[in-house]
1. Below 8 Å, C-alpha to C-alpha, sequence gap of six or more: please give me the relative contact order for segment 18-142 in percent.
2. Percent relative contact order of segment 1-85, based on C-alpha pairs within less than 8 angstrom and at least six residues apart?
3. Between Lys223 and Asp208, what is the label-to-label distance in nm when each label sits 7 Å out along the Cα-to-Cβ direction?
4. Considering amide H positions built from the backbone, and no H for Pro or chain starts, which residues 5 or more places from Leu79, or on another chain, come under 5 Å of its amide H?
5. Starting from the amide H of Gly2, placed 1.01 Å from N in the peptide plane, find each other amide H under 5 Å away whose residue is 5 or more places distant or on another chain.
6. Between Ser11 and Glu101, what length comes free when the chain is fully extended (0.36 nm per residue of separation minus the Cα-Cα distance, one decimal in nm)?
7. What order do you get for 62-69, 48-55, 125-132 when each peptide is scored by the mean count of other beta carbon atoms within 10 Å, highest first?
8. Output wanted: per-residue J couplings in Hz (rounded whole) for segment 151-159, from phi through Karplus 6.51 cos²θ - 1.76 cosθ + 1.60, θ = phi - 60°, x for Gly and Pro.
Amino acid sequence: MGILVDGVWHSGDHHETEEHGGKFVRKDSTFRSWVTPDGAAGPSGEDGFPAEPGRYHLYVVTACPWAHRTLIVRRLKGLEDAVSVTRMVPEMTENGWCFAEPGAEPRAEPDPLYGAKHLYQIYLRADPKCSARPTVPVLWDKQRETIVNNESSEILRMFNSAFNDFAGNPDLDLYPEELRKDIDELNAEIYTNVNNGVYQCGFSTTQDAYDEAVSALFATLDKVEARLDGRRYLIGDRLTEADWRLYTTLLRFDAAYFSFFKCNLRRIADYPNLSNYLRELYQIDGIAELLDIEDAKRQYYSLERAWYGRPAIVPRGPVQDLTAPHNRQRLPAAA
């Protein structure tokens, strides 16, 4: 995707793998303030914004796995009335992520706050001299008119606890105190080798970098497959944020990463435990409707045109039935 440098938009691919030996290295998110229940500082002393219903707006591309997982936690916690959302066009363009024209897209909308055409314009509203990749998700403060945070893992934590006074499901805790050490350790491994690992495979520009990434990816998938043989979920008998962080990658794997990112040693369909686990999570009430997998395919294959000037041909397959029965009931789950 393009990049802002001192407030000026530059289109094209700016991953700069050459300086890392052909490896894709993801840049850190730029805006890292926190919404907290009372506006106190974040967990590491970051600027705090008070949780208030209707004050915050979430900009997403549902096809993006990082944005998708914030939508999932927003839904599970019952925050639809507390945090509004705008879904952007699931296609990368030379101007980055774009808002839909009125009536032009079935699952995307115009910008309701400022009438912006491109996401980078929202970043420039927060900082006219911004130097950053305009990524999603973006948590926007309508009162201060600025970006609070654009790091999905931190937005998950905010949605999990900061808005409990206004949540429809305040008792749900996806990051319980007694499991945090286990969740953090597993998140780190899965993020490095799976969530980000598929991008390291797809964006590598040398054979050695690709070989290293694809080996780590499938070694970790094999490990998780074995882990799920005796556990209903990643951390035992209850769903946590670790499951939903993995889920958004698994959901896209066979449809996009297997082919477009060259992650083709095995499909998720070839893993008995992972494929049944994926179907169980997909079938939880309210989850399947948050993503049309055709949008995800459109997003990834649009990179052909946005970066390389080639036609963005979206493949028809694979045929998947995520509504088919799963066998995860054989393992115990918390009430």
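1. Worked out over segment 18-142, it gives 22 percent.
2. 17 percent
3. Each label point lies 7 Å from its Cα, and together they span 2.4 nm.
4. Excluding prolines and chain starts, which carry no amide H, the hits are Gly168.
5. Amide H neighbours of Gly2, under 5 Å, 5+ apart: Gly12, Gly96.
6. Taking Ser11 through Glu101 to full extension adds about 30.3 nm, to one decimal.
7. Ranking the peptides 62-69, 48-55, 125-132 by packing returns 62-69, 48-55, 125-132.
8. Using θ = phi - 60°, the values come out as 10, 4, 5, 7, 5, 4, 5, 4, 5 Hz.
Taken together, the values in this text are just the output of simple stated rules run on the coordinates, not laboratory data. Not measured: the values here are computed from a predicted model. Cβ: placed from backbone, ideal geometry, glycine included. Neighbour counts: every protein chain shown.
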